[in-house]
1. I'd like the Karplus ³J(HN,Hα) series for the range 134-147: coefficients 6.51, -1.76, 1.60, θ = phi - 60°, whole numbers in Hz, and an x wherever there's a Gly or Pro.
2. Can you sort 92, 124 by 1.4 Å-probe accessible area, starting with the largest?
3. Which translational diffusion coefficient, to the nearest whole µm²/s, is obtained for the range 53-137 from the Stokes-Einstein equation, given a Kirkwood hydrodynamic radius over C-alpha pairs, 10 °C and 1.306 mPa s?
4. Test of understanding: what is the full-extension gain from residue 43 to residue 101, defined as 0.36 nm times their sequence separation minus their Cα-Cα distance?
5. Using θ = phi - 60° and the Karplus curve 6.51 cos²θ - 1.76 cosθ + 1.60, what whole-Hz ³J(HN,Hα) does each residue of the range 73-87 get, with Gly and Pro shown as x?
6. Considering amide H positions built from the backbone, and no H for Pro or chain starts, which residues 5 or more places from residue 171, or on another chain, come under 5 Å of its amide H?
7. Name the long-range amide H neighbours of residue 185: under 5 Å, sequence gap of 5 or more, or other chain; modelled H, no Pro or chain starts.
8. Rounded to the nearest 10 Å², what accessible area does residue 133 show when all protein chains are kept and the probe is 1.4 Å?
Amino acid sequence: MTEETPGFEENEKPEGTSDATTPDDAAKAAGAADKAAPAGPAAGEDLVEVGLQAQLDQAQAALGERTADLQRLQAEYQNYRRRVERDRVAVKEVAVANLLSELLPTLDDIGRARDHGELVGGFKSVAESLETVAAKMGLQQFGKEGEPFDPLVHEALMHSYAPDVTETTCVQILQPGYRIGERTIRPARVAVAEPQPGASPKGEESDEESGGPEEG
């Protein structure tokens, strides 16, 4: 038979032990809990904002590239339109020039008939209608007697000397010239006259006739 020790039970803890937690232990436990706890709402909002900013930057970069592409395409299209318009005008001018060039012999015949007084009756009406249509298409006649000779628009078929000219001058229009705008489709065929060899300019002649310059 076992004797029981008075005043000591099996479940009774030894002296010096206690279930109570000290303040230092509570502070350490709270710090550990804070470290182990997940990030709060503020940190999550920062991550979302960073992601949205990255997406915005990417969208703005893509928009800039598309805008540059659109501007480049628009410039190319404008250049294409101008080039097509220039080509269209050039083709039209060439076609009109070719057509009117074929009509020049007929216009020459009309001019000769007018000079000889043969442009009468129905022939006169038809001739004037043809000249009107040619003028509407841009055909212009040029070449007049007395104008200075210009090798760019005149073709000299006859040459002579004359005492009353001071420069090479068109003294007779053998065949008028024709142009369309700035394009010459046929030069004026003319007879030209030059000053007499050794002739003095008019200014010098007038000085000689007046006795020369007065002496001081």
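The values are calculated or read from the model by the stated rules, or taken from the named source; none is laboratory data. The structure displayed is predicted, hence computed values, not measured ones. Every residue, glycine as well, gets a Cβ built from its backbone with ideal geometry; the counts of neighbours run over all protein chains shown. Protein only, heavy atoms only, side chains kept; ligands, DNA and RNA dropped before computing areas. Shrake-Rupley method; radii C 1.70, N 1.55, O 1.52, S 1.80 Å.
1. Using θ = phi - 60°, the values come out as 5, 5, 5, 7, x, 6, 10, 8, 9, x, 9, 5, x, 7 Hz.
2. Working: 92 130, 124 85 Å².
Listed by decreasing accessible area, they come as 92, 124.
3. It diffuses with D of about 88 µm²/s by this estimate.
4. 12.2 nm
5. Result, rounded to whole Hz: 5, 5, 5, 5, 5, 5, 5, 5, 4, 5, 5, 5, 5, 4, 5.
6. Amide H neighbours of residue 171, under 5 Å, 5+ apart: 146, 191, 192, 193.
7. Counting only residues 5 or more places away or on other chains, the set is 178, 179, 180.
8. Result for residue 133: roughly 80 Å² accessible.
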